[in-house]
1. Using only alpha carbon pairs under 8 Å that are at least six residues apart, calculate the relative contact order of the stretch 108-153 and give it in whole percent.
2. Mind checking the dipole of the stretch 1-148: about its Cα centre, +1 per Lys or Arg Cβ, -1 per Asp or Glu Cβ, Debye to the nearest 20?
3. Rolling a 1.4 Å sphere over the protein heavy atoms, what is the accessible area per residue of the chain, to the nearest Å²?
4. Under 5 Å between amide H atoms, partner at least 5 residues away or on a different chain: which partners does residue 134 have, H built in plane at 1.01 Å?
5. Round to the nearest 10 and give me the degree value, 0 to 90, for the angle of helix 345-356's Cα axis relative to the longest principal axis of the chain.
6. What FRET efficiency, computed as 1/(1 + (r/R0)^6) with R0 = 25 Å and r the Cβ-Cβ distance, is obtained for residue 395 and residue 13, rounded to the nearest 0.05?
7. How would you order 401-410, 19-28 from highest to lowest mean count of nearby Cβ atoms within 10 Å?
8. How do the peptides 135-147, 268-280 rank, highest first, by the average count of neighbouring beta carbon atoms within 10 Å per residue?
Amino acid sequence: MSGTFVGMPAFPKAAHEAVGNATLRGNLRHATHTIRAKRANAVAEVSDWAQLREAGKRIKDHTLRHLDRYLVQLEESVTAAGGVVHWAADADEANRIVTRLVEETGESEVVKVKSMATQEIGLNEALLAAGIHAYETDLAELIVQLGKDRPSHILVPAIHRNRGEIRDIFRTEMGEWGRPAPDGLTDSPAELAEAARLHLREKFLRAEVGISGANFMVAETGTLVVVESEGNGRMCLTLPRTLISVVGIEKIVPTWRDLEVFLQTLPRSSTAERMNPYTSMWTGTADEDGPRVFHLVLLDNGRTDTLADEVGRQALRCIRCSACLNVCPVYERAGGHAYGSVYPGPIGAILSPQLRGTASEIDASLPYASSLCGACYEVCPVAIDIPEVLVHLRERVVEGGPATRGGNKVVLRPAKGHAAERAAMRAARWALTHPAALRTGQRLASRTRRLHPRTLPGPGRAWSATRDLPAVPAEPFRDWWQRTRGATGAPSTQGTDGGKGAAR
């Protein structure tokens, strides 16, 4: 497995293969429809949801504008509470730091709380290369790990699997990782959960090192917060002697009071719950309570580059609720693997190309993995205008232009395969700035409309292969307006009220 899905094909090819899998589509349709229906009910209970959404947006925007100051304050607060802070510019540096910290304990295995950041950097693979086994303890992440699979959803990584598939994975793979599945295991949810519980219990009780991410970090107090629904996070965060948390720098909030907003919006938007069953908070270390050693690894990995983009930076507001995935018609049919990233769906389509750049074929294709219907924006609890960022990134792919990569200002070259699109846009710009030429072209198109093909030739064939060409009207709008409104702009009265032209 690779957290960055290296070698994946571009989205159109991967999605084309995915939509042919009837089982996958059925699993996704059932799961996403169920989750979004429950979410809608949970959100409807809150009379001030719009105000909470706006508050979350403002808190995040304020924090991003002053990120340098709050990160320094966070480091001071964590250090004062007995923790140790490390700074990682990229995935390689973060992996080296975590690997070294685990090796210094003398341990060869760790237990992990579900963490998008550690998947993003491919931490499990880096640890394994050093002879350290990382065990996922979230049920869905366990299914993915045992099945030698990749996560396909931010909240429900194994959403593409059904109960029968999970049963088969447990039966054949659990014994290779620890306690085997019980004999006669069925696909009953209760039995599957019990098999996972028994398998993981011995790992919780044996592990001396835990690794986590965090949903939020509070600069004011140095507190980290993890919300989850299974209790595995609580076990990983409290039982091991050493806790290492790898967290993206954008997960910070200024004050303890700011958590009030997100602890209302996150559970409702993600699991459709009023609050998460387990909300774990820890501040440094304490004698005889929880881990004796705490390390916080603050991860950049493209985030400051994203922050430099005035349009794209709003993606850093994301609180990883996954609501946008559950309403996206493209995700529902293509699934998460087609996005080639641990961040699938609409948020992945704008976040991955910014964190990783658009140089690769798959990252250049992600801004096009959307119908721009806007459903993602409507459900986002921090009001990220994903369609706006998608269009912005499409322009970057086609036109290139100034950007920030690795902290340096660069000029990106246009991606390959968009020459025809650029030529068409230039021709349109010329026509729209030359009224006489536009008028002549419109009239010519109307008079020859019976000769127009039903599909476009050449590069345009890809567009018309999946949609009908719009019919050209018999008369251009400009001519219709002149004929019906005249030079004065007053409406024509011909044919109204018997031709008397009575005003109403």
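The values are calculated or read from the model by the stated rules, or taken from the named source; none is laboratory data. The structure presented is a predicted model; accordingly, all values stated were derived computationally and were not measured. Glycine gets a Cβ as well: all are built from the backbone with ideal geometry, and neighbour counts include every protein chain shown. Each accessible area value is taken on the protein alone, full model and side chains, heavy atoms only, with ligands, DNA and RNA left out. Shrake-Rupley method; radii C 1.70, N 1.55, O 1.52, S 1.80 Å.
1. 41
2. 960
3. It amounts to 49 Å² per residue over the chain.
4. When sequence neighbours closer than 5 places are left aside, the close amide H contacts are 110.
5. 80
6. 0.60
7. Packing order, densest peptide first, comes out as 19-28, 401-410.
8. Top of the packing list down: 135-147, 268-280.
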